[in-house]
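To keep things clear, I will list the structure first and then write my remarks on it.
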Amino acid sequence: MSKYLINNADDFGYSDDINEAIYKSFHEGVLSSASVLINCLPSKKSSNCPLGLHLNLATGKPVSQKWRKALGGFYQPKRNANEKFNLEDWLGVTGNYDKQLIREEFLSQLNLFFQIYNKMPTHLDTHYNTIIFDNVFAEIVRLAGQTGIPIRQPVGFKSGEKLATSELFTDEGKMQIVKTNKLPTTDKFCYEYLNRHVDYLKVVEMELDKLLEGEVLEIVYHPGFTDVWRKQYTDILCDPAFRTLLNKKKVVLVNYDYLRFRRLQG
């Protein structure tokens, strides 16, 4: 039995720069999946890359009429890519959103995805990792439970800590809810920001070595060309040494559809 890896790129649809980097990483590198900001997508774009839905309450314009009528638009605390995460700033915004409005917006984004692509997304995850907030998490659990769509593991931020190679950790409480509700998700999740490691291959190898036979790991990337940190992700995904490592470890690249297949197999 093999080990399995989902290499997923977030933010598809945000800009042509990011879209082109995702195309390149999928066709020329080891990217196996992407998550689309459906409310930012100017037109249908896929490039045959399997797409999940990057549920979004922070960027662009809301899809739901009820959200626009109640709140106007989305709001988010300002934060540069190299700045530490401040949970309190986000709690004052996203953490206070009404769950009914979140439900309507998420359903509207899912419906828009289906209208554009004529199929359901491979998985659900969140822009800016807003799944950390209880009101957002509750609606993702509801939506995933109703549709059977797999979700990304709920992870948290180490709020206020100096940003080094990661600021993420397992949210054990939310993971227990995911398991109780039998929602499909990966067995492991990589908490490291690979672009912040000099020897990223060593980190990937360590993560793969944690997998048992048959298990699935997700690693998240943010490819692009213009921003230095995004370009680092593109270079990692297109590095031939990455594919060599996967072949050496006998790791199979998959997307979230594999979780549905595995579930059907029992």
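No value in this document is a laboratory result; all are computed from the given coordinates. Values in this document were obtained by computation on a predicted structure and should not be read as measured data. Heads up, the Cβs are rebuilt from the backbone with ideal geometry, glycines too, and the neighbour counts pull from every protein chain shown.
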Just checking my list (1) 21; (2) 28; (3) 48 against percent of Cα pairs over 31 Å apart computed from this structure; which label fits? (1)
Once the dipole of the chain is set up with Lys and Arg at +1 and Asp and Glu at -1 on Cβ about the Cα centre, which of Gly29, Phe261, Ile18 lies farthest towards its positive end? Phe261
Kirkwood hydrodynamic radius, the range 133-266, all distinct C-alpha pairs: what's the number in Å? 16.5 Å
So the angle from the long Cα axis of helix 99-117 to the longest Cα principal axis of the chain, reported in degrees to the nearest 10, equals 60 degrees
The size of the Cβ-based charge dipole (Lys, Arg +1; Asp, Glu -1) of the chain about the Cα centre, to the nearest 20 debye, is 660 debye
To make sure I understand, if each residue's beta carbon is the centre and we count other beta carbons within 10 Å, what order do Trp67, Trp229 fall in, fewest to most? Trp229, Trp67
To the nearest 10 degrees, the tilt of helix 16-28 (Cα long axis) against the first principal axis of the alpha carbons of the chain is 30 degrees
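When a footprinting reagent is the concern and you count Cβ atoms within 10 Å, what order do Glu20, Glu105, Glu172, Glu192 take, fewest first? Write out the running numbers ahead of the final one.
Working: Glu20 15, Glu105 24, Glu172 9, Glu192 18.
Ranked by crowding around the Cβ, least crowded first: Glu172, Glu20, Glu192, Glu105.
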From phi via Karplus (6.51, -1.76, 1.60), per-residue ³J(HN,Hα) for the range 223-228 in Hz, x at Gly/Pro: x, x, 10, 7, 5, 4
To test your reading of the geometry: what angle, between 0 and 90 degrees and rounded to tens, separates the Cα axis of helix 240-249 from the longest principal axis of the chain? 80 degrees
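About the Cα centre of the range 180-241, what is the dipole size in debye to 20, counting +1 per Lys and Arg Cβ and -1 per Asp and Glu Cβ, all else neutral?
That gives a dipole near 260 debye.
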